[in-house]
Amino acid sequence: MADACGVDFGTSNSTVGWSRPGQPALLALEDGKPTLPSVIFFNAEDDTVQYGRAALAGYLGGAEGRLMRSMKSLLGSSLMDGQTEIQGNAMAFKALLAQFIGELKRRAEASAGRTFSRAVLGRPVFFVDGNPKADRLAQDTLAEVAQMVGFREIDFQFEPIAAAFDYESQIGREELVLVADIGGGTSDFSLVRLAPQRAAKLDRRSDILATGGVHLGGTDFDKYLSLACAMPLLGYGSMLNNGGTIPSSIYFNLATWHNINLAYTQKTRAQLQDIYRDAVARDRLDSLHALIDQRAGHWLAGQMELGKIALSEADLTRLDLDRMSPRQTLTIGRADFDGAIGGMVGSIESTVASLLRDAGITAAAIDTVFFTGGSSGVRLLRDRIAAVVPAARQVEGDRFGSIGAGLALDAQRKFA
Ligand SMILES: Nc1ncnc2c1ncn2[C@@H]1O[C@H](COP(=O)(O)OP(=O)(O)OP(=O)(O)O)[C@@H](O)[C@H]1O
Ligand SMILES: [Mg+2]
């Protein structure tokens, strides 16, 4: 067994896998669970730092402090070289990533009872769409962070290839597989020839027919659901006395997981005061003000996420927005959700279609479509991806564990 692990640092959830014969690959990271939600809460009341579910509980419990979610979305963004203010101190975003990934490593090591100095890190096919230079920079930044926390040797693997390796460990004969990993930040695909006897080959390049992806995922679905259903309650889209519409940047920041803290800055508050003077719907701006005062932006985004997840099963969901003032009840139908995400679903679907086209593979040649990632629960999206390869068998992976398990296999093969 190598001292090498696989690290799936996800936009929403992270896992660490370590390949050992006869044992599940994923290491327990929080209360015996194999996932650690990618969340940090800097609790200002007792000056502690919390991670994962505990971080969310601390924030939702009403403790003063700063919550960080979707930190992976900073990789490749213009914010990456910047900093954020935590308890009055500036903290570089890179240091913030190191804080979380360092904790992942510590927990994995505690769970495995050993240290890891080598790792295969998962990465989306594109951190940044259509900008190879920025994409390279994002990977280099992640490598730098991994080194900062003590990994001496690092390699990268595309997340949908890792998922393919996990699926390959479960099959008995050769299959041509379309892997669809629909996560929190990105939707990633691979077209791979898998077989038990191919698994042992070190060089899999000839089995990988194509990889592709797009920077759209579950956090974007939350955002557009919020803009469609919740932000209007706070004044989004309402009028100014001069006949114009209210500026939208505050609402976009509040609806975007990794930008929510920008809604709490002095600059935003000053801007809000200016807008208020000219606003027609002042009652809604009062609600916005109250929400910002309570630092309830992550709570509201979380409500949108819960609504979205409920709509994976139900046709209608009802949200009790008890932290809004005045308190609101919001009923959202599946059709509202499908309408809000329709454009993004179209982009994801065409990413799949062009992947097949560019690889010169007909839909009929594909044996299996393997779904993984939390957002593969979204009905409309699954149906539309499945419709691109109508003859393929549909297989559900471990939604939150396939990437980490596949990265563990990859680490074992690369470093053993
Ligand atoms: N049942 C469900 N239906 C729809 N969406 C869901 C469901 N369960 C979880 N999600 C969404 O899945 C996303 C998280 O999925 P996952 O953990 O695979 O992402 P990730 O690996 O952290 O992100 P990425 O791979 O893009 O960096 C979140 O946006 C979450 O809201
Ligand atoms: Mg993922």
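Couple of notes before you dig in:
- Links that overshoot a 23 Å alpha carbon limit, given the list 72/223; 72/308; 105/414; 133/223: 133/223
- Near residue 311: Cβ cut-off under 14 Å, other residues only, Lys/Arg at +1 and Asp/Glu at -1. The net charge is -2.
- Kirkwood Rh and Cα Rg combined as Rg/Rh, the chain: 0.98
- Simple spin-label estimate for residue 44 and residue 335 gives 4.5 nm between the two label positions (7 Å along the Cα-to-Cβ direction from each Cα).
- A simple rule links phi to the HN-Hα coupling: the Karplus curve 6.51 cos²θ - 1.76 cosθ + 1.60 with θ = phi - 60°, which for the range 74-79 gives 6, 4, x, 9, 5, 6 Hz, with x for Gly and Pro.
- Of all DSSP bridge pairs formed entirely within the chain, close to 70 percent run antiparallel.
- Packing, taken as the mean count of other beta carbons within 10 Å per residue, orders the peptides 172-182, 101-111, 307-317 from highest to lowest as 172-182, 101-111, 307-317.
- Compared with the dominant principal axis of the Cα atoms in the chain, helix 218-229 is inclined by about 30°.
- Here the 3J(HN,Hα) profile of the range 82-89, calculated from phi with Karplus coefficients 6.51, -1.76 and 1.60 at θ = phi - 60°, is x, 9, 10, 9, 10, 6, x, 10 Hz, Gly and Pro shown as x.
- Distant-in-sequence amide H partners of residue 321 (H built 1.01 Å from N, under 5 Å): 328, 329, 330
- The long axis of helix 159-168 is offset from the longest Cα principal axis of the chain by roughly 50 degrees.
- The local environment of residue 336, defined by Cβ-Cβ distances under 12 Å, has a net charge of 0 under the rule Lys, Arg +1 and Asp, Glu -1.
- The chain: angle of helix 93-112 to the longest principal axis, Cα-based, in degrees nearest 10: 50 degrees
- Applied to the range 174-179, the Karplus parametrisation 6.51 cos²θ - 1.76 cosθ + 1.60 on θ = phi - 60° returns per-residue 3J(HN,Hα) values of 5, 9, 9, 10, 9, 9 Hz, with x for Gly and Pro.
- Potential lengthening of the chain between residue 129 and residue 271 amounts to 48.0 nm, from the contour at 0.36 nm per residue minus the alpha-carbon distance.
Readers should treat all values here as calculations from the given coordinates under stated rules, not as data from a laboratory. All of these numbers come straight from a predicted model, not from anything done at the bench. Every residue, glycine as well, gets a Cβ built from its backbone with ideal geometry; the counts of neighbours run over all protein chains shown.
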